[in-house]
Structure formats: structure tokens, C-alpha cells
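First comes the structure, then the notes that go with it.
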Amino acid sequence: MKGLERLRYAIASFIKGGGKYEDAVNNFIRDLQKALITADVNVRVVIDLTKKIKEKALESEPPPGVLRREWFVKIVYDSLVELFGGESPEIYPTKLPWTIMLVGVQGTGKTTTAGKLANFYKKRGYRVGLVTTDTYRPAAYDQLKQISEQIGVPFYGEKGGKDPVKIAKRGIEFLKNRGVNVIIVDTAGRHGYGDEEYLLKEMEDLAKALKPDEVMLVIDAYLGQKAYDLAKKFHEKAPIGSITITKLDGTAKGGGAISAVSATGARIKFIGDGEKIDDIEPFNPRKFVSRVLGLGDLETLLEKFKALEESENLEKRWEKALLTGRLTLRDLYAQIKSLKKLGPLRKVLQMIPGLSLMPIDESKLQVSEDKMDKWLHIMDSMTYSELDNPHIIDRSRIRRIARGSGTSPEEVKELLNYYENTKRMLKTMKRKKSLLKRLGAGGVFS
Ligand SMILES: Nc1nc2c(ncn2[C@@H]2O[C@H](COP(=O)(O)OP(=O)(O)OP(=O)(O)O)[C@@H](O)[C@H]2O)c(=O)[nH]1
Ligand SMILES: [Mg+2]
């Protein structure tokens with residue numbers, strides 16, 4: 001990503017570099033500001049953002065088990081994801097047939113994007129068709145027709161036609177009759193920037209006449225932060241409309257355009273980064289930021305944070321069980337499930353605050369890990385009332401559960417014993433509240 005590539009080096013040297021943490025933060029912040037401003041992100045936005053990052057980095061403490069520098073990278077990552085739009089929008093039609101109408105200023109890449117989208121959806125199993133309504137530029141008809149032939153989708157246009165609305169209506173009808181379920185309507189480019197009112201008025205009239213399911217505004221990345229006004233007005237007029245940003249390959253201002261559009265509350269659906277038919281992808285702020293920051297190291301790091309969050313949830317659940325003194329098999333089930341997801345148990349346990357200090361009996365852990373699947377199967381064969389009130393599980397129920405789960409009554413009993421032990425331990429701990437912190441997995445696995 002042009003303009004932002006220096007961030008990759010900045011992050012790398014931040015993580016590897018020695019020296020004082022405060023100095024490293026300040027150096028990185030300076031690099032970040034330079035990169036964002038080069039990418040044409042609004043200066044005030046840059047200052048606010050970096051101020052917040054710095055405060056958070058210097059004033060808050062990382063969670064236990066996380067290095068300060070890793071914590072800082074995570075703060076930067078989250079802030080940038082936010083800057084570039086947060087969550088990604090749904091890219092698939094919510095009903096069929098689906099009509100998308102592309103609008104935008106002259107030369108932004110509407111026709112090219114129409115072809116790219118047709119190809120994108122076709123590859124994903126949709127039956128796509130293209131319609132041109134551009135009666136303004138004589139070559140427009142041939143341009144889209146050629147693209148349609150290249151990707152092998154049906155096309156409708158009227159060479160020498162006059163009325164875009166009528167052409168579009170006939171085109172949509174024509175394609176629907178041929179079984180097309182995603183119809184992409186290309187329109188003529190509107191006049192230049194700075195006259196958004198006019199552009200949007202024309203777009204509105206066309207949309208009223210055609211009633212497409214989606215109006216997609218195509219914005220050229222060269223516009224940089226100036227994309228803000230256009231996107232804002234568009235978003236106000238068509239709040240459920242979508243936005244595609246093109247030509248990200250050609251300019252360093254892409255970061256500015258993306259952040260400006262996100263700042264309006266509109267979501268960017270696709271980005272285009274080349275002239276070829278495949279040069280389009282759904283826009284995902286997380287992926288985008290990971291790429292800009294140089295994915296490799298980051299991924300491992302983010303996984304670590306995810307595991308940490310999950311282990312925090314885990315701890316909360318146990319704390320609740322401790323406070324209420326109640327533990328059901330359902331709780332146990334949830335515990336085992338989330339532990340399984342977290343991966344190698346020993347690693348996870350080390351991440352749970354306080355626990356890394358406790359001696360862990362490796363052989364017992366091994367046993368537990370091997371048994372997890374079996375125990376989950378056993379609990380899957382129980383009824384809800386059994387899960388909630390394990391004391392009702394008598395000998396005949398044990399036999400039934402064993403049969404249902406393909407295990408033996410002894411194994412079911414073992415799980416029940418384990419449950420009883422855990423519960424007893426929980427009760428003891430409830431009495432010794434000072435041990436609360438240690439509870440986490442301690443109750444279960446040691
Ligand atoms: N580098 C690059 N060029 C692009 C991209 N998208 C479109 N273009 C080029 O931009 C030029 C204009 O593209 P069109 O698709 O014809 O633009 P348009 O919005 O349909 O233009 P009008 O219909 O005249 O308003 C062409 O030369 C395209 O190849 C992109 O993502 N990257
Ligand atoms: Mg065009």
C-alpha cells in the first residue's frame with residue numbers, strides 16, 4: 001500500500017529495537033504520523049489518533065503475561081482498524097435477484113468495476129449479467145460489451161440509445177428472463193468533483209426510476225481525504241448504499257480516501273487495485289491493517305491476545321461459579337469446550353493470570369487433554385435436566401448415557417466423580433475467598 005509502507009519497518013524496529021520503551025513509542029508515533037499524512041489522512045484526525053495511542057500506551061498497563069511492546073502493537077493495530085472502518089460489511093446479496101447500480105464521477109472506474117464485480121460474483125456461483133446505460137460516451141457500449149465477453153456473462157445495451165432509464169429497465173427485464181440473478185447496471189460518469197449536489201441529484205432520479213437493490217458509489221483513491229464530502233452526502237442520501245474505492249495501486253493517497261470515507265459512517269465494500277479483471281477484493285479493515293503493518297509477526301501476536309481474552313472469559317465464569325457456589329455440568333462443558341479451542345492446555349494455563357506461578361502437574365494435564373473429547377461426547381448424550389441437575393443421574397441413566405456416547409459406564413462415572421470433586425473444591429474455595437484469583441483452571445486441572 002503506497003504511502004503506508006513505512007509503517008511496516010516502523011513496527012518491525014519498534015518490536016525488535018532495544019532502548020527505552022518511552023523513546024521507542026515516541027519514535028514510532030512520529031513515523032506513524034508521517035506515514036498517515038503522506039497517505040493524505042486528515043491532519044487533525046492523525047493528531048487525535050496518535051495522541052490517543054500514546055496516552056493508552058504510556059498510561060495503561062498491559063495485561064499480565066503480555067510484553068509492553070506487544071501491548072503497544074495491539075493498541076496501534078486496534079486504532080488503525082478503527083480508522084480504516086472497523087467491521088467489514090456483508091458482500092453477498094441478501095435476496096435474489098439482486099440489482100446493483102454503479103454511480104460516480106467521470107473516469108473513476110465504474111465500467112471497469114462493473115466488470116470486476118461481475119467476475120467476482122460469477123466466480124462465487126451467481127448468475128451475473130451486465131447492463132450499460134451510458135448513452136453519453138459513444139465507446140461505452142463497446143467497452144462493457146467487450147468486458148462481458150471476456151468474462152462470459154450476458155450483456156445488454158442499446159447502441160445509439162437515448163434514454164438511460166428505459167434502457168436500464170429493458171436490460172433488467174431481458175437479463176431476468178434469462179435467469180440472471182445478479183444484475184449490474186453501469187451508468188454514465190457524472191461531472192466533476194466539487195459539484196456533489198448535482199451528481200447526487202442525478203443519481204437519486206435514476207435510483208427512483210430503477211429501484212435497484214444497491215446503489216454503489218465508485219470513488220477514485222486519488223481523491224484522498226477529499227473523498228469525505230462526496231461520501232458523506234452519498235451516505236446521507238443512500239444510507240444503505242455501498243462504496244467501492246478504485247485505483248489504490250496508483251496513488252499514495254489511498255489511506256486518506258479510505259479513512260475519509262469511514263469517517264462518514266459509510267462502509268467500504270470493495271477496493272480496486274489495478275486495471276485487470278481480478279484486481280478487486282472485498283474491503284476488510286483488519287486484513288488491510290495487518291497487511292500494512294506486515295502480517296507475519298502480527299498474526300501470532302493477535303492469536304495470543306485472542307487466547308488471552310478467552311481465558312479471561314473462562315476465569316469470569318469460574319468466578320461466578322465460585323460466588324454462587326453453583327456448578328453444573330453445563331458449566332463444565334463450556335469450560336472444556338473453550339479450553340479445547342484455546343489449544344495446548346499448558347500454554348493456555350500459563351496465560352491465566354496468577355496461574356503461571358502455580359506448579360502444574362504435567363501428567364494430570366495430559367490425561368485431561370486426552371479425555372476432553374470423550375467427556376464432551378458423554379455430556380452431549382445427556383438431557384438438559386441431567387446437565388443442570390447432575391444429582392439425578394442414577395445407575396440406569398449412566399448406562400443410557402454410556403450407550404449413547406459410545407463409552408463405558410465407568411467412564412461416565414469418572415466424569416461425574418470429576419464433577420463432584422470440582423464442585424467440592426469450589427465450595428472449599430468459596431470459604432477461602434482469598435484464593436479466588438487462583439481458582440481459574442486450578443479447580444479443574446490440578
Ligand atoms: N490502475 C488502475 N486503473 C483503474 C482502476 N480502475 C479503473 N482503472 C482505469 O481507469 C480508467 C477509467 O476507467 P473506467 O472504468 O472507464 O471509468 P468510468 O468511471 O467507467 O468512466 P466514465 O464511464 O467515462 O465515467 C481506465 O483506464 C481503467 O483501466 C484501478 O483500480 N486501478
Ligand atoms: Mg464508464
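What number results when the radius of gyration of region 6-83, computed over Cα atoms, is divided by 2.2 N^0.38 Å? Intermediate results must be reported in sequence, preceding the final value.
Working: Rg = 12.0 Å, N = 78, 2.2 N^0.38 = 11.5 Å.
Ratio of Rg to 2.2 N^0.38 Å for region 6-83: 1.04.
Note on Asp373 and Thr94: the extension gain reaches 96.7 nm, defined as 0.36 nm multiplied by sequence separation minus the Cα-Cα distance. In this rough spin-label picture, where each label sits 7 Å from Cα along the Cβ direction, the Thr328-Glu173 distance is 6.0 nm. With semi-axes defined as the square roots of five times the eigenvalues of the C-alpha gyration tensor, the equivalent ellipsoid of region 219-299 measures 21, 14, 12 Å, largest first. Here each label is just a point 7 Å from Cα along the line to Cβ, and for Lys122 and Ile47 those points are 5.1 nm apart.
Against the criterion of solvent-accessible heavy-atom surface with a 1.4 angstrom probe, Lys95, Lys247 sort, most first, into Lys95, Lys247. Normalised by residue count, region 98-283 yields a Cα convex hull volume of 99 Å³ per residue. Over all projection directions, the Cα-based convex hull of region 79-194 averages an area of 8.7 nm².
Summary of packing: across the peptides 142-151, 126-135, 27-36, the per-residue average of other C-beta atoms within 10 Å ranks them, highest first, as 126-135, 27-36, 142-151.
Between Gln150 and Lys208, the modelled labels are 3.6 nm apart [label points 7 Å from Cα along Cα→Cβ].
Would you mind checking the pairs Lys166/Lys226; Lys110/Lys237; Lys211/Lys247; Lys56/Lys276 and listing those with alpha carbons more than 31 angstrom apart?
Values: Lys166/Lys226 34 Å; Lys110/Lys237 20 Å; Lys211/Lys247 28 Å; Lys56/Lys276 42 Å.
Result: Lys166/Lys226; Lys56/Lys276 exceed 31 Å.
The values are calculated or read from the model by the stated rules, or taken from the named source; none is laboratory data. Bear in mind that the values here come from a model prediction, so they are computed numbers and not experimental data. No Cβ is skipped: glycine too gets one built from the backbone with ideal geometry, and neighbour counts run over all protein chains shown. Only protein heavy atoms, including side chains, enter the accessible area calculation; ligands, DNA and RNA are left aside. Shrake-Rupley method; radii C 1.70, N 1.55, O 1.52, S 1.80 Å.
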